[in-house]
Every structure is written in structure tokens, then in C-alpha cells.
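Some notes on the structure that comes next.
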Amino acid sequence: METLERIVLEQKIFADLDPEVGTLITGCARNHHFEPGAYLFHEGDEAREFFLVRHGEVALEITSPGRRTLILNTVADGDIVGASWLVQPYRWNSDARARTHVRALGFDAACLRDKCEADPLVGYAMMKRFMPLMVSRLQAAHMQLLDVYGRPEGA
Amino acid sequence: MTVDPYVPLPYRVLAVHQDTADVATLDLEPVGAAIPEPKPGQFTMLYAFGVGEAPISVSGAPVDGAPLVHTVRAVGAVSNAITRLRPGQELGVRGPYGTAWPVESADSHDILFVAGGLGLAPLRPAVRHVLANRDRYGRVSLLYGTRGPEDMLYREELTEWRRMLDVEIEVTVDHADRTWRGAVGVVTNLIPRAGFDPAHTTAMVCGPEVMMRFSILGLQSAGLPFERTYLSLERSMKCGMGLCGRCQFGADFVCKEGAVMRYDRIAHIFTVREI
């Protein structure tokens with residue numbers, strides 16, 4: 001039988017993770033299944049749990065009055081959904097909606113933060129995995145903001 | 001008959017396909033003599049009579065009776081005049097000029113195309129070449145990003161390519177609402193998902209320069225060496241054949257040593273603003 005720990009450690013983001021650290025973070029994990037159209041979380045809600053998509057597609061969306069719902073990003077197999085659990089005030093700043101059937105791992109944010117705080121080895125292992133992700137998402141956000149495919153200036 | 005490189009040859013517009021609100025693809029046939037067959041990645045100088053010339057990448061080579069194809073975005077006087085041409089009207093063509101995508105030297109390699117926006121146009125002849133000679137290459141992937149779903153080029157051809165079972169075509173848009181069912185996010189998001197083997201891959205990247213800078217970072221972090229990363233640069237050009245110096249880029253002229261350049265040759269100056 002496939003154990004939760006094996007599933008966690010099979011994920012690309014946790015490749016080469018120290019087995020002891022793997023056991024500790026698995027203690028904060030559980031399996032989820034979302035139907036198409038179901039929300040993983042809503043903007044403004046407390047970021048109690050973040051997700052790692054095992055299979056399926058999730059859209060991060062923003063809705064404002066009088067405007068159509070805009071999709072900020074879509075994520076798929078192997079991707080992390082949500083970073084707001086990492087920084088105060090631990091509130092989601094977008095909706096996350098399943099576009100397909102989604103199988104995901106959910107990680108209890110407070111549980112993981114506590115373990116990072118208590119054991120610097122866990123904290124450092126998480127930082128090494130999440131920092132590149134944050135930087136690449138920041139770069140992607142920059143590129144989106146730059147509107148690189150827009151009409152050249154003066155055209 | 002010898003073709004004088006300075007003299008545009010008259011070509012007739014066979015068809016105009018309006019790709020997006022400001023982008024049109026023109027099928028051209030020679031009125032008399034034809035320019036030599038362009039290699040994938042080369043460009044020509046298109047002359048809108050009475051208005052001026054502009055360098056435009058060939059987006060479809062005149063192979064096996066097919067027309068010479070250019071995809072043009074209306075951004076200035078010349079490109080506006082070209083995109084307003086209608087079937088039967090004529091324009092001047094000289095060239096082809098510049099370097100080509102390394103479709104020959106990449107023989108037996110895995111091929112990764114990364115295209116952004118209008119950058120799919122200069123890459124299309126290379127994609128067609130690779131697909132027409134599919135058994136000569138390993139894994140083939142195309143990552144294509146556009147601003148929104150309405151800005152996508154060559155929808156029908158992309159759909160055809162997607163139907164092929166041995167080519168991976170991934171498309172994403174920067175912005176979309178819920179009516180779009182495909183991926184949303186920048187094209188560089190697709191790079192880590194492409195799952196290519198950097199030891200056996202040649203990448204060809206084309207798009208706005210900022211998009212190419214971000215793409216190179218993504219390819220570099222995926223382990224792809226600069227020696228197998230190729231870009232197509234865009235610079236203001238006048239003569240198209242390395243005489244006027246308008247397109248100087250460091251020690252090179254983009255029209256002659258480019259527009260397709262191997263990244264290790266230009267990495268040291270690519271992000272230098274003054275160049």
C-alpha cells in the first residue's frame with residue numbers, strides 16, 4: 001500500500017529531502033480530492049492549508065465588482081498552490097478553483113510553520129524549496145506586468 | 001538571372017489572413033524573378049511602394065509551390081501600409097538576409113522551441129522543417145505564450161501540430177477570463193514543465209527581448225547550456241546586408257551575423273542597455 005509519506009517524498013519539490021525531515025512534514029499532510037469547479041480556497045480566507053497538486057489543474061482567480069473573473073495563473077501537476085501561508089497575515093489574496101478533477105496534498109500551515117520554527121533543519125529545507133518557487137513566481141509576475149506582447153511604445 | 005541584392009523584386013499579394021486586430025499574414029508570389037529560397041529564420045526587406053522598407057522575418061518559405069509568407073504587425077508607417085495591402089496589389093521584396101535557425105546542426109537533438117507573441121512567426125519555418133523531417137530529431141516541443149487568447153497566431157496550424165502524436169505543443173496566455181480553457185501564465189512557466197533533457201536539447205527562442213531574457217533564465221536554471229540556446233534578435237535595420245551599421249550590436253551587425261544568434265556569443269552584452 002502506498003503510504004502518505006511515500007507520496008509526499010515522490011513530489012519533485014521534495015526531491016532529495018532528508019528522510020527525517022520528510023517524516024516531519026508528512027505529519028502535516030493529508031490527501032484531498034476536488035471536483036471540477038470546487039474551490040481550494042477563497043480570497044480573504046485564512047491560509048490554514050496550502051496544496052501541492054498531484055494531478056489536475058487549478059486556476060488562481062481574482063474577481064472584482066463590475067469586472068469578469070480574471071485568471072492570474074494556472075497550475076498543474078507538481079505545482080504548489082498558494083504562498084500566503086508563509087507570511088503574515090496568512091490570508092489568501094486570490095481564489096483557487098479546480099478546473100478539472102484535482103488530486104492534491106494539503107499541508108497544515110500552522111503545523112508546518114511550528115515545525116520550521118522548532119527545528120532549523122526543517123525550516124532551512126523548506127526555505128531551500130520554497131524560495132526558488134517564490135523567485136520564479138515573482139519573475140513571472142514581473143513579466144506579466146511588463147505586458148511584453150503589448151504594442152511597442154510610439155506605435 | 002542574377003538578383004541584385006539592392007533592388008527589390010516585385011511580388012504580388014495572393015492572400016491576406018488577418019491573424020489578430022493588428023497582425024496580418026501575407027502570401028506572396030513573384031511577378032517575375034523570385035528571391036532565392038529563404039532558410040528558416042532568415043528575413044527579407046519588404047518595400048511598400050512610396051512609403052519605405054522594413055525587415056520582416058519569413059514565416060513561410062516558398063517550398064513546393066507554396067507562396068512566400070510574411071506575418072506583419074502594423075506598428076509604423078511601413079508595416080501599416082504592408083498590412084493594408086489586398087490581394088492583387090504589389091510590393092517589393094529583397095533578400096533573403098541574415099542567419100538561420102540551426103535546424104541542420106541540431107540534427108539528432110531534442111528540439112525545444114520557445115515562442116512569445118509574434119515570435120512564433122520567425123520560428124514557424126523552423127518548426128515546419130523539423131516536423132517535415134521528424135525522424136531526424138529526438139523529442140520536439142513548442143512552448144508558445146501570447147498576451148491573450150485573441151492574440152494567438154496560426155490557430156489552425158497549432159491545432160494540426162497538436163494532433164501529431166510525437167510533438168508536444170504547450171500554449172499559455174498572460175491574461176484571460178474564464179472563457180479560456182487553456183493555461184494562464186507566462187511562457188517561462190512552461191519551461192520547467194517541458195521535461196526536456198538539457199544534455200541533448202537545442203533551444204530556439206523568439207519573442208520580445210524581455211521575454212527572451214526571462215526565457216534564458218528559465219532555460220539556464222533547467223540546465224541548458226548557452227551553446228545550444230539560439231535567439232532571434234530584433235534591431236532597427238536599413239540596408240539588411242551589413243553595410244549601413246544601423247543594426248550594430250557590439251561587434252556584430254544583427255542583419256548579417258543575426259538575426260539568429262547563438263546565445264554564448266552574445267551573453268556578455270545581451271542585457272547591456274547601452275548596446
For this session: Output the residues belonging to the range B:208-228 that are on the phi < 0 side of the Ramachandran plot and not hydrophobic (A, V, I, L, M, F, W, C).
Result: B:P208, B:E209, B:R213, B:S215, B:G218, B:Q220, B:S221, B:P225, B:E227, B:R228
Problem set entry | Qualifying residues in the range A:41-53 (those that are more than 13 Å from chain B (Cβ to nearest Cβ) and within 22 Å of B:A176 (Cβ to Cβ)) - the one surrounded by the fewest Cβ atoms within 10 Å (Cβ to Cβ) | A:H42
Exercise. If A:A59 passes every condition in (1) more than 15 Å from A:H32 (Cβ to Cβ); (2) surrounded by fewer than 20 Cβ atoms within 10 Å (Cβ to Cβ); (3) not acidic (D, E) but one, which one does it miss?
Worked result: (2)
Problem set entry | Lone qualifier among A:D108, A:D79, A:D147 - being within 14 Å of another protein chain (Cβ to nearest Cβ) and within 13 Å of the chain's Cα centre (by Cα) | A:D79
Exercise. Regarding B:T179, is this residue among the hydroxyl-bearing types (S, T, Y), more than 18 Å from A:A141 (Cβ to Cβ) and in contact (Cβ under 8 Å) with a residue 60 or more places away in the chain?
Worked result: no
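So, in the range A:1-49, how many residues would count as being of a type in the set (D, E), more than 30 Å from A:E61 (Cα to Cα) and in a loop (DSSP other than H, G, I, E, B)?
Residues flagged as of a type in the set (D, E), more than 30 Å from A:E61 (Cα to Cα) and in a loop (DSSP other than H, G, I, E, B) within the range A:1-49 amount to 3.
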Exercise. Here are some conditions: (1) within 14 Å of another protein chain (Cβ to nearest Cβ); (2) in a loop (DSSP other than H, G, I, E, B); (3) over 19 Å from the mean Cα position of the chain (by Cα). B:D166 meets all but one. Which one does it not meet?
Worked result: (1)
Exercise. Looking at (1) modelled with pLDDT under 95; (2) surrounded by 16 or more Cβ atoms within 10 Å (Cβ to Cβ); (3) more than 13 Å from the chain's Cα centre (by Cα), can you tell me which one A:Q88 breaks?
Worked result: (2)
For this session: Only residues in the range B:119-138 that are over 17 Å from B:P62 (Cα atoms) count as the first member; pair them with residues that are modelled with pLDDT of 95 or more, Cβ under 6 angstrom, at least 6 apart or cross-chain, and list the lot.
Result: B:G119/B:C206; B:G119/B:G207; B:L120/B:Y144; B:L120/B:L153; B:Y137/B:I111; B:Y137/B:V130; B:G138/B:D110
Exercise. Quick check, is A:F107 outside any helix (DSSP H, G or I) and surrounded by 14 or more Cβ atoms within 10 Å (Cβ to Cβ)?
Worked result: yes
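Within the range B:115-131, identify whether any single residue is more than 14 Å from chain A (Cβ to nearest Cβ) and within 26 Å of A:A59 (Cα to Cα), and answer yes or no.
Checking the range B:115-131: not a single residue is more than 14 Å from chain A (Cβ to nearest Cβ) and within 26 Å of A:A59 (Cα to Cα).
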Exercise. What is the one condition in (1) among the small types (G, A, S); (2) more than 14 Å from chain B (Cβ to nearest Cβ); (3) under 17 Å from the mean Cα position of the chain (by Cα) that A:A141 does not satisfy?
Worked result: (2)
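So which of A:M127, A:M143 ends up being touching a Cys at 6+ places or on another chain (Cβ under 9 Å), free of Cβ contacts under 8 Å to residues at least 12 places away in the same chain and surrounded by 13 or more Cβ atoms within 10 Å (Cβ to Cβ)?
A:M127
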For this session: Identify all residues within the range A:54-74 that are facing chain B (nearest Cβ under 10 Å) and under 15 Å from B:W180 (Cβ atoms); write none if there are none.
Result: A:E57, A:A59, A:L60, A:E61, A:R68, A:T69, A:L70, A:I71, A:L72, A:N73, A:T74
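Here is a list: B:A194, B:A203, B:A251. Which entry is closer than 21 Å to B:G138 by Cβ, over 20 Å from the mean Cα position of the chain (by Cα) and more than 10 Å from every other protein chain (Cβ to nearest Cβ)?
None of the others qualify; the one that does is B:A194.
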Exercise. How many residues does the range B:20-44 contain that are surrounded by 23 or more Cβ atoms within 10 Å (Cβ to Cβ) and in a strand (DSSP E or B)?
Worked result: 4
Problem set entry | Out of B:V103, B:V75, B:V93, sole residue that is at pLDDT below 95 and not assigned by TED's automatic domain parsing to the domain that holds B:E160 | B:V75
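The values are calculated or read from the model by the stated rules, or taken from the named source; none is laboratory data. Model, not experiment: these values are computed from the prediction. Please note: Cβ atoms are built from the backbone with ideal geometry, for glycine as well, and neighbour counts cover all protein chains shown.
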